[in-house]
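As structure tokens, the structure follows; a few thoughts come after it.
Just so it is clear, none of the values below were taken in a lab; they were calculated from the coordinates. Please read all numbers here as calculations on a predicted model, not as lab measurements. When we count neighbours, we look across all protein chains shown, and the Cβ atoms used for this are built from the backbone with ideal geometry, even at glycine.
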Amino acid sequence: MNKYLKNLNRIEFVVTMACSGRCRHCSQGEHKCNDKIDKDLSSDAVRKIAQIYNIQSVMTFGGEPLLCPETVFAIHKTAKEMNIPERQLITNGYFSKDSDRIKLIAEKLSECGVNDILLSVDAFHQETIPLTYVKAFGENVKNTGVRIRVHPAWLVSHSDNNEYNIRTRELLREFSEMGIVASEGNVIFPSGNALEHLSEYFDLNKPVENPYSEDPSDIKAICFSANGDILGSNIYRQDIGEILSSYYPEGR
């Protein structure tokens, strides 16, 4: 076991950079590429990592991960087989306008082992994403018994009363009436589209620590990019076991 990864307990996958929304707050920018990670390599990586490390959580997100549902299913099916307790999906809920397909995807998420769905709903997502289909997806997931929560993005802070947060609270009330509660969500980080389109809301002279950064000498979570990049290497070029065993933090 690599000593720099001894506390590794979480695996994340950016399933695809393709997205059904065009959000002004997106930290990943304009999503100009449509990279998507290989289904078999991804699920194989989950199995191999979980055989070595005490993985407690697997998350899939994007882009919009349900534009590549078979990859999402494969990753979480393997996570379930490896007895990883938390199997989480972040989605904006907009991947189809067909009611039968929306229902089918919701049922398959339950069957493959996803047990926590975070639904991205807020003033920013709903500028370009139709609420009708998101609500349909939420209702179908709820009917399967899988835990689902609205996961909003807040501007400045959770309590700030800017126009975006006011609209987000209105949307959360609509989902609350459906029986879908809200998670704490997250506060928008000034990068990508957020930095370009919402700069007036940030103090750019004040350094802000990225909440998702890891200590390179004590990594607890690893994230696979949609192009296969991971820990300075790539699963298309090198086996994940070799990547993990050879990882060494830069500057040490």
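Remarks
- Measuring nothing but how far apart in sequence close Cα pairs (under 8 Å, 6+ apart) lie, relative to its length, the chain scores a relative contact order of 27 percent.
- Cα centroid separation, segment 189-231 to segment 121-183 (Å): 23
- Legend: helices of the chain (whole DSSP H runs) are marked when their alpha-carbon atoms reach 15 angstrom or more along the helix axis and their mean Kyte-Doolittle hydropathy is at least 1.0; nothing is marked.
- Sorted peptide list for 52-61, 231-240, criterion being average Cβ within 10 angstrom, highest first: 52-61, 231-240
- DSSP-assigned coil residues among GluC sites (Glu not before Pro) in segment 151-204, each with at most 12 further Cβ atoms within 10 Å: E184
- Residue among I219, A194, N115 farthest towards the positive dipole end of segment 97-234, charges placed on Cβ: N115
- Relative intensity, log₁₀ I(q)/I(0), of the chain from a Debye sum that treats every alpha carbon as a point, q = 0.08, 0.14 Å⁻¹: -0.32, -0.99
- Across K80/K108; K48/K97; K77/K220; K80/K142; K36/K80, pairs whose alpha-carbon gap is larger than 25 Å: K48/K97
- Per DSSP, loop trypsin sites (Lys or Arg not before Pro) in segment 1-90 with at most 11 further Cβ within 10 Å: K32
- Each Cα pair under 8 Å and six or more residues apart adds its sequence gap; the mean of these over the residue count of segment 36-125 is a relative contact order of 32 percent.
- Per-residue HN-Hα couplings for segment 179-192 [Karplus 6.51, -1.76, 1.60; θ = phi - 60°; Hz; x = Gly/Pro]: x, 10, 7, 9, 7, 5, x, 9, 8, 4, 8, x, 8, x
- Within the chain, C19, C33, C68, C112, C223 have no other Cys Cβ under 4.7 Å of their Cβ and so lack a disulfide-compatible partner by this rule.
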